[in-house]
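First the structure, in the form of structure tokens, and then the observations on it.
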Amino acid sequence: MKKNIPFLGLATAVILSTGCGNALRSEYRPPVIDYPAHWQEAGAAGTSVPFNWDDFNDPALTRWLDLVVARNNDLALAVLRIYRARLNEELTGIEHEPVVAGKVDTGANRRLNRASPWNKSSSATVNVSYEVDLWGKLARQQDAAVWEREATEHDLDVARLTLLANASTNYWQLAFLNQRIVISQQSIEHAEDSLRLVTARFNAGNVSALDMIAAEQNVANQENDHLALLSERKIALNAQSVLLGTLTGNSMINPAHLPGGPLPRVNPGIPATVLACRPDIKALELRLREALANVDVQRAQLYPAFSLTGSLGTSSSGLTRFLRNPVATADAGLTLPFLQWREMNINVKIARNDYEQRVIDFKQALYKAMAAVDNSLTLHTQLLEQEKQLNNLLELALKSEKMYEIRYRNGATPINFWLDAQETRRQAQVALDINRYTQLQNLAQIYLELGGDCQ
């Protein structure tokens, strides 16, 4: 349905369009979230920044993280997605601008009998069309594009934080395995020394064949454990290649042992605003606002669309008179969507349903994040306490092993007691190394869950 209206009416409609557009704009209200009481209490004094990577005092770790950030394919893909979102935002803005189109035609004709001369003609037309945003539909489409672009930028932050956590864990896993491999090799050498001692005593008739069998089994067990550690290290090195986006076998760093100095301490206070600093939560909320904007867009579709079209053209029998007889026209079109009312009303309900789903997803993500942060901090405290106990157990195991060695050499006990004491000492050392490695993993997870260095 199209109707010409006076120019004054067009101007009035344009002036009033801004006010009409705000009438359909939904006011965004953040979902109500119940925070744990101890989070709120710590909110005034706490800080969301757990530590800095330089706090580990490990230059090799810092170089490794910088290298992974520069080379990782997942991060490069996230950057490309940001660029795509920016292009979409720019394209949305262009689509809402006036559309200008021009056309120039020229031609000639005469009768077939050649009795008359050629009749030449030419024409030129410039058309401009523009949709007046009476109900704010175009503005809300632009808002949605902006929020999607901002959410995509936060997706990059999520990818970067996840990459730092994974890369640091891979670094420490290699350090842990290399440390275990060195200890495993020492255990093999110790087991072989024990076997030589048992063999000498067996040849002298001082011990039975059972002692020989036990010593040989001990060597075989230590060699089997060593092979398993070598296989684990190969898998970790392949994971390093994936992080770097290179072929397997091109490892860049292979730390010899876990850091032995004091580890960074995490501030125990949890500010209530810590989750708002996480990029994944920011992205979820921005997409929640985008979904609300899409509801407004669908609601605006129910109302008439008002478009303006203007043209400036000329038609002449000679190209030299091209600009002597211009003709200007202005039209206004009013599109009434009544025929598609049911379909469009369903589209509004679908958009509203999408928004309500995102509200639930947003709240659920927040509650999961709260639980994850609490769990990681609880584990952090537990690991620190366990480290003290494991150090004590290792000291006792070393004393016990030494005492059983002396007793065996003096013939007071069979070799099984000494071998069992050796295994107890090895397990105590492994448990302490695992605790150290788990502490480092836990710190990387805390860094990720608290949003990294977000202020």
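Restricting to segment 180-202, count the residues that are acidic (Asp, Glu) and either on the phi > 0 side of the Ramachandran plot or surrounded by 14 or more Cβ atoms within 10 Å (Cβ to Cβ) (or both).
So the first thing to find is which residues in segment 180-202 are acidic (Asp, Glu), and the list is 189, 192-193.
Still in the list and also either on the phi > 0 side of the Ramachandran plot or surrounded by 14 or more Cβ atoms within 10 Å (Cβ to Cβ) (or both): 192.
Number of matching residues: 1.
Check residue 391 against each of (1) over 24 Å from the mean Cα position of the chain (by Cα); (2) closer than 30 Å to residue 31 by Cβ and name the one condition it does not meet.
Here residue 391 meets the rest and fails (2).
When you scan segment 170-179, do you find a residue that is under 30 Å from residue 406 (Cβ atoms) and surrounded by 15 or more Cβ atoms within 10 Å (Cβ to Cβ), even just one? If you could, list the steps in order and put the result at the bottom.
Going through segment 170-179, the residues under 30 Å from residue 406 (Cβ atoms) turn out to be 179.
If we keep only those that are surrounded by 15 or more Cβ atoms within 10 Å (Cβ to Cβ) as well, we get 179.
Yes, segment 170-179 has at least one match.
Please determine whether any residue of segment 45-52 is modelled with pLDDT under 80, under 26 Å from the mean Cα position of the chain (by Cα), closer than 30 Å to residue 150 by Cα and loosely packed, with under 15 Cβ neighbours inside 10 Å.
Keep residues of segment 45-52 that are modelled with pLDDT under 80, which gives 45-51.
Okay, now just the ones that are also under 26 Å from the mean Cα position of the chain (by Cα), so 46-51.
Checking the rest, the ones that are also closer than 30 Å to residue 150 by Cα come to 46-51.
With loosely packed, with under 15 Cβ neighbours inside 10 Å added as a condition, the list becomes 47.
For segment 45-52, residues modelled with pLDDT under 80, under 26 Å from the mean Cα position of the chain (by Cα), closer than 30 Å to residue 150 by Cα and loosely packed, with under 15 Cβ neighbours inside 10 Å: present.
Any idea which of (1) among the β-branched types (Val, Ile, Thr); (2) without any contact (Cβ under 8 Å) to a residue 12 or more places away in the chain; (3) assigned to a helix (DSSP H, G or I) is the one residue 413 doesn't satisfy?
(3)
Does segment 230-248 include one or more residues that are over 23 Å from residue 443 (Cβ atoms), in contact (Cβ under 8 Å) with a residue 24 or more places away in the chain and in a helix (DSSP H, G or I)?
Filtering segment 230-248 down to residues over 23 Å from residue 443 (Cβ atoms) leaves 230-231, 234, 238, 241, 245-248.
In the following step, the residues that additionally are in contact (Cβ under 8 Å) with a residue 24 or more places away in the chain were identified as 230, 245-246.
Imposing the further condition that a residue be in a helix (DSSP H, G or I) reduces the set to 230.
Yes, that holds for at least one residue.
Condition (residue is assigned to a helix (DSSP H, G or I), touching an Asp or Glu at 6+ places or on another chain (Cβ under 6 Å) and at pLDDT 95 or above) applied to segment 397-404: is it met by at least one residue? Quick ask: steps written out before the conclusion?
Taking segment 397-404 and keeping what is assigned to a helix (DSSP H, G or I), we get 397-404.
Then drop every residue that is not touching an Asp or Glu at 6+ places or on another chain (Cβ under 6 Å), which leaves none.
The answer is no, given that none of the residues of segment 397-404 is assigned to a helix (DSSP H, G or I), touching an Asp or Glu at 6+ places or on another chain (Cβ under 6 Å) and at pLDDT 95 or above.
Only one of 342, 358 is basic (Lys, Arg) and either over 30 Å from residue 294 (Cβ atoms) or free of Cβ contacts under 8 Å to residues at least 12 places away in the same chain (or both); which? Even if it seems obvious, please write down each step before you answer.
Details: 358 fails: either over 30 Å from residue 294 (Cβ atoms) or free of Cβ contacts under 8 Å to residues at least 12 places away in the same chain (or both).
The unique qualifying residue is 342.
Scan 169, 152, 162 and give me the residue that is assigned to a helix (DSSP H, G or I), farther than 30 Å from residue 84 by Cα and of a type in the set (Ser, Thr, Tyr). Outline the logic, then answer.
Values: 152 fails: farther than 30 Å from residue 84 by Cα; 162 fails: farther than 30 Å from residue 84 by Cα.
Of the residues listed, the single one that is assigned to a helix (DSSP H, G or I), farther than 30 Å from residue 84 by Cα and of a type in the set (Ser, Thr, Tyr) is 169.
Name the residues in segment 147-189 that are among the acidic types (Asp, Glu) and closer than 21 Å to residue 376 by Cα, would you? It would help to see each step written out before you state the result.
So the first thing to find is which residues in segment 147-189 are among the acidic types (Asp, Glu), and the list is 148, 150, 153, 155, 157, 189.
Listed by number, the list holds a single entry, 157.
Which residues, counting only those in segment 396-430, are surrounded by 16 or more Cβ atoms within 10 Å (Cβ to Cβ) and of a type in the set (Gly, Ala, Ser)?
Residues satisfying the conditions are 397, 400, 421, 428.
Can you tell me which residue among 253, 270 is at pLDDT below 90, among the β-branched types (Val, Ile, Thr) and under 15 Å from residue 179 (Cα atoms)?
On the way: 270 fails: under 15 Å from residue 179 (Cα atoms).
Among 253, 270, only 253 is at pLDDT below 90, among the β-branched types (Val, Ile, Thr) and under 15 Å from residue 179 (Cα atoms).
If residue 222 passes every condition in (1) among the polar types (S, T, N, Q); (2) closer than 16 Å to residue 419 by Cβ; (3) surrounded by fewer than 15 Cβ atoms within 10 Å (Cβ to Cβ); (4) at pLDDT 90 or above but one, which one does it miss?
Condition (3) is where residue 222 drops out.
Would you pick out the residues in segment 54-76 that are within 12 Å of residue 166 (Cα to Cα) and of a type in the set (Phe, Trp, Tyr)?
64
Would you mind finding the one in 197, 227 that is assigned to a helix (DSSP H, G or I) and over 27 Å from residue 441 (Cβ atoms)?
Working: 227 fails: over 27 Å from residue 441 (Cβ atoms).
Going through 197, 227 in turn, just one is assigned to a helix (DSSP H, G or I) and over 27 Å from residue 441 (Cβ atoms): 197.
Please find, within segment 203-218, the residue that is nearest to the chain's Cα centre (by Cα) out of those that are surrounded by fewer than 17 Cβ atoms within 10 Å (Cβ to Cβ) and part of a helix (DSSP H, G or I).
From segment 203-218, those surrounded by fewer than 17 Cβ atoms within 10 Å (Cβ to Cβ) are 203-206, 208-210, 213, 216-217; that's our starting set.
Right, trim to part of a helix (DSSP H, G or I) and you get 203, 209-210, 213, 216-217.
On the way: 203: 65, 209: 61, 210: 58, 213: 55, 216: 51, 217: 49 Å.
Only one residue fits best here, namely 217.
For residue 397, state whether it is under 28 Å from the mean Cα position of the chain (by Cα) and without any contact (Cβ under 8 Å) to a residue 40 or more places away in the chain.
When the stated conditions are applied, residue 397 does not pass them.
Residue check: is residue 354 assigned to a helix (DSSP H, G or I) and at pLDDT 90 or above? It would help to see each step written out before you state the result.
Values: assigned to a helix (DSSP H, G or I): yes; at pLDDT 90 or above: yes.
When the stated conditions are applied, residue 354 passes them.
The values are calculated or read from the model by the stated rules, or taken from the named source; none is laboratory data. As the structure is a prediction and not an experimental result, all values here were calculated from the model. Glycine also receives a Cβ, built like all others from the backbone with ideal geometry; neighbour counts cover every protein chain displayed.
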